[in-house]
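Encoded as structure tokens, here's the structure I'll be asking about.
Readers should treat all values here as calculations from the given coordinates under stated rules, not as data from a laboratory. Given the structure is predicted, the values throughout are model-derived calculations rather than measurements. Positions of Cβ are generated from backbone atoms using ideal geometry, with glycine treated the same way; all protein chains shown enter the neighbour counts.
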Amino acid sequence: MNIGNLLLLIRNHRSCRAYLPGKKISDEIIRSCLEAARLAPSACNRQPWRFVIVRNPEMIRRITDGGLLPGIGMKWLADASAIAVLCAKTDAKVHWLAPILSGVQYHLVDLGIAGEHFCLAAEAQGLGTCWIGWFKGKTVAKMLGIPRGIQPVALIAAGYPLESREPTPRRELAEIAFAERWGGKIAEAPSSSDSQ
Ligand SMILES: Cc1cc2nc3c(=O)[nH]c(=O)nc-3n(C[C@H](O)[C@H](O)[C@H](O)COP(=O)(O)O)c2cc1C
């Protein structure tokens with residue numbers, strides 16, 4: 001894959017909140033998305049992610065009706081073909097002791113990387129996805145028999161997009177990235193005439 005294709009995949013990957021109801025995602029596609037997640041890097045290679053893949057429409061409905069926090073209308077979740085429940089299995093040394101010294105919650109970083117690998121693999125196969133952080137972790141854990149000590153951190157909705165998605169805005173590069181030290185200007189992209 002060249003960088004152009006990779007950037008195109010990333011650029012087209014926008015949150016999908018409208019799915020073709022009733023369309024199933026094959027085992028093969030789910031496995032490939034999980035494989036992409038499984039290969040993610042993690043702090044001390046602890047691989048703290050665990051995924052529960054829900055494809056039963058009844059359970060998707062139950063999560064939509066009872067597992068989301070109020071305030072954002074997310075009824076569209078009921079039409080998703082799958083919900084990946086992204087959970088953390090934490091380790092005392094790396095995930096609790098080390099953050100006391102560094103201030104960084106490594107397991108959340110790790111889960112973010114693995115979850116996004118999952119999303120990009122899904123997107124590459126024609127699916128749309130949407131991260132959901134505004135959900136009731138304990139309620140969803142209970143619905144799915146997730147044991148104590150395993151923390152649901154996010155849901156990822158997946159399904160076949162019903163409509164094309166408009167790009168959402170992003171901050172300019174100059175606002176988010178610096179060269180050498182805070183405030184240093186990142187080189188501008190060469191204009192097409194410069195590169196000839
Ligand atoms: C950790 C995380 C939690 C999110 N939680 C929700 C959510 O609860 N509900 C929702 O509709 N979108 C949620 N989103 C999607 C964001 O709103 C979306 O990525 C952002 O607005 C940028 O839009 P885009 O993905 O379409 O480019 C979440 C995204 C992330 C990364």
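Order these peptides, 63-74, 83-94, by their mean beta-carbon neighbour count within 10 angstrom, highest first.
Numbers: 63-74: 14.7, 83-94: 19.2.
Going from most to least packed, we get 83-94, 63-74.
Exposure proxy check: I3, I10, I30 ranked by fewest other beta carbons within 10 Å?
Exposure proxy ranking, most exposed first: I3, I10, I30.
Next up: If you average the sequence gap of Cα pairs under 8 Å that are 6 or more apart and divide by the length of the chain, what percent do you get for the contact order?
Computed over the chain, the figure is 30 percent.
Lysines within cross-link reach of K75: Cα-Cα under 16 Å, excluding same-chain residues under 8 positions apart?
Candidates past the 8-residue exclusion: K136.
Based on the Kirkwood radius over alpha-carbon pairs, what value in µm²/s does the Stokes-Einstein equation return for the translational diffusion coefficient of the range 1-79 at 37 °C and 0.692 mPa s?
Values: Rh = 15.6 Å.
The estimated diffusion coefficient comes to 210 µm²/s.
Continuing with the same structure: Bin width 10 Å, alpha-carbon pairs only: give the P(r) of the chain as whole percents, running from 0 to the bin holding the largest distance.
Per 10 Å bin, starting at 0, the Cα pair percentages come out as 8, 29, 33, 20, 8, 1, 0.
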